[in-house]
Amino acid sequence: MNSSSRIILTTRPLEKFYPVNAPQGFSIVNIPLTEIRELPVDWDHIWASAPQVLVFTSTVGARIFLDHEGGNRLKDPEVIAIGNATAQELSRRFHGIAVPSRQSSDGIVELLRTEKYSGKTVALFSSAKSNRIIQNYLSANGFQYIQCDLYDAVPVRKNELNDYLSRNDVVCVIITSSHEARLFREIAGSRATLKPLFAIGETTARTMRDLGISPSEPVGNSDLSSLVQEVCRKFLS
């Protein structure tokens, strides 16, 4: 790391983090606030239910599914991915993956409202710590669906967050989920507002506001790489 770099902190679990290119003069340091633990799943029940629509809310969930699906269990399902990275992961198995224009749980709900998915059985693959926005919509609107929590995000007991928040070369923090926003507020305490805080997406931004933390503009569109570029441009302007 260049000693003169301005540091942007991110909070992704190690299993979800991928290297992000930042403009010259900036460095990305990821401080995981959670770690991923795969949960037991009754896969036979899922195959027997023969869902017609598969909904994925993360790359981690997509990878777990692909590890167990075996390539031939479901016949030509419709597939919805919350964002481009998740769609890229799923493209190893599926084609014609739908990605909402708003890459968020709210965006998936907007897709499910369309006639294309009316009356179809849905399988929702997510985290045990998901915001339940999609599940609540499916329940409230009479969908036949299977809720499948593939993994949990467990708090990391020891991390360097507070040490980094006290450093002058740290210019901001990007919070990458609602669950991490809650943990950030708990861990950082009075340091929570020392640096500008950016939200990976609108759902995370809403959670931050509920916690008394004001997210800085811009709010991301669930794509970490593009948000990093926008944040860097803001600090360079």
#### Entry: Number of the exception - Ala81 against (1) of a type in the set (A, V, I, L, M, F, W, C); (2) open to solvent by 10 Å² or more (accessible area, probe 1.4 Å); (3) at negative phi
(2)
### Query
Would a scan of region 203-215 turn up a residue that is open to solvent by 30 Å² or more (accessible area, probe 1.4 Å), over 18 Å from the mean Cα position of the chain (by Cα), more than 21 Å from Pro19 (Cα to Cα) and of a type in the set (A, V, I, L, M, F, W, C)?
yes
### Task
For Ala188, work out the one condition from (1) in a loop (DSSP other than H, G, I, E, B); (2) closer than 24 Å to Ala128 by Cα; (3) at pLDDT 90 or above; (4) among the small types (Gly, Ala, Ser) it doesn't fulfil.
(1)
### Evaluation of Cys172 against (1) at pLDDT 95 or above; (2) surrounded by fewer than 17 Cβ atoms within 10 Å (Cβ to Cβ); (3) among the hydrophobic types (A, V, I, L, M, F, W, C) (one fails), failing number
(2)
### Summary
Here the residues within region 35-57 that are crowded, with 19+ Cβ neighbours inside 10 Å and either part of a helix (DSSP H, G or I) or on the phi > 0 side of the Ramachandran plot (or both) are Ile46
#### Entry: Enumeration of residues in region 216-234 that are part of a helix (DSSP H, G or I) and either of a type in the set (S, T, N, Q) or open to solvent by less than 60 Å² (accessible area, probe 1.4 Å) (or both)
Leu224, Ser225, Ser226, Leu227, Val228, Gln229, Val231, Cys232
### Query
Which of (1) in contact with a strand residue (DSSP E or B) (Cβ under 9 Å, 6 or more places away or on another chain); (2) farther than 23 Å from Met208 by Cβ; (3) free of Cβ contacts under 8 Å to residues at least 40 places away in the same chain; (4) surrounded by fewer than 21 Cβ atoms within 10 Å (Cβ to Cβ) is the odd one out, the single condition Glu115 does not satisfy?
(1)
### Test for Val60: is it assigned to a strand (DSSP E or B) and either of a type outside the set (A, V, I, L, M, F, W, C) or within 15 Å of the chain's Cα centre (by Cα) (or both)
no
### Summary
Quick count over region 118-143, residues being of a type in the set (D, E, K, R) and either surrounded by fewer than 16 Cβ atoms within 10 Å (Cβ to Cβ) or modelled with pLDDT of 95 or more (or both), is 2
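The values are calculated or read from the model by the stated rules, or taken from the named source; none is laboratory data. Only a predicted model underlies this, so the values are computations on that prediction, with no experimental measurement involved. Don't worry about glycine lacking a Cβ; one is built from the backbone with ideal geometry, like all the others, and counts go over all protein chains shown. Side chains included, ligands, DNA and RNA excluded: accessible areas come from the protein's heavy atoms. Shrake-Rupley method; radii C 1.70, N 1.55, O 1.52, S 1.80 Å.
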